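Asker: Structure below; questions to follow.
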Amino acid sequence: MKTCLVVDDSRVIRKVARRILEGLQFDCDEAGDGAAALDKCRARMPDAILLDWNMPVMNGMDFMAALRREPGGDNPVVVFCTTENDMQKITEALRAGADEYIMKPFDSEILQSKLEQAGLL
């Protein structure tokens, strides 16, 4: 079973994403900020990461930079999931190593499509 780490400071977003991902046969874990997510990745690197941009402690961009420096950190498919809709921000995330980008609010169809495009489904 593929694994996905949902990283968002909103408990509601994590719950919604987890429900969708589990319906797509992913084993899910959650983190409320980038620092906690990095600890979880060090313990068990997931196949995919659904990542918020704006979070306390460590934001999504800082997390992704740190993740990509970790052993095996270049493997997870990172899908930014955020309210940041500025094309410059999207380009910045993709250049920094994100594989896909979706806007909040999202639904199961959008998330499934992005995971298919990334080769995870």
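The values are calculated or read from the model by the stated rules, or taken from the named source; none is laboratory data. All values derive from a computational prediction rather than experimental measurement. Don't worry about glycine lacking a Cβ; one is built from the backbone with ideal geometry, like all the others, and counts go over all protein chains shown. Ligands, DNA and RNA are excluded from the accessible area calculation, which covers all protein heavy atoms including side chains. Shrake-Rupley method; radii C 1.70, N 1.55, O 1.52, S 1.80 Å.
Asker: Search segment 69-96 for residues being at pLDDT 90 or above and of a type in the set (Gly, Ala, Ser), and hand back the single one that is nearest to Lys15 (Cα to Cα).
Answerer: Per the stated criteria, the residue is Gly73.
Asker: What residue, among those in segment 15-26 that are touching an Asp or Glu at 6+ places or on another chain (Cβ under 9 Å) and under 17 Å from Asp47 (Cα atoms), is surrounded by the fewest Cβ atoms within 10 Å (Cβ to Cβ)?
Answerer: Arg18
Asker: If you don't mind, another one. Quick one: which of Asp62, Asp47, Asp52, Asp29 is among the acidic types (Asp, Glu) and touching an Asp or Glu at 6+ places or on another chain (Cβ under 7 Å)?
Answerer: One residue alone meets the criteria, Asp52.
Asker: Looking only at residues in segment 1-14 that are more than 11 Å from the chain's Cα centre (by Cα) and of a type outside the set (Lys, Arg), which one is surrounded by the fewest Cβ atoms within 10 Å (Cβ to Cβ)?
Answerer: Across segment 1-14, the extreme among qualifying residues is Met1.
Asker: Follow-up. Do you know which residues across segment 66-121 are under 19 Å from Ala31 (Cβ atoms), open to solvent by 60 Å² or more (accessible area, probe 1.4 Å) and among the hydroxyl-bearing types (Ser, Thr, Tyr)?
Answerer: Thr83
Asker: Let me confirm something: among Asp39, Asp62, which residue is assigned to a helix (DSSP H, G or I), surrounded by fewer than 14 Cβ atoms within 10 Å (Cβ to Cβ) and at pLDDT 90 or above?
Answerer: On inspection, the qualifying residue turns out to be Asp39.
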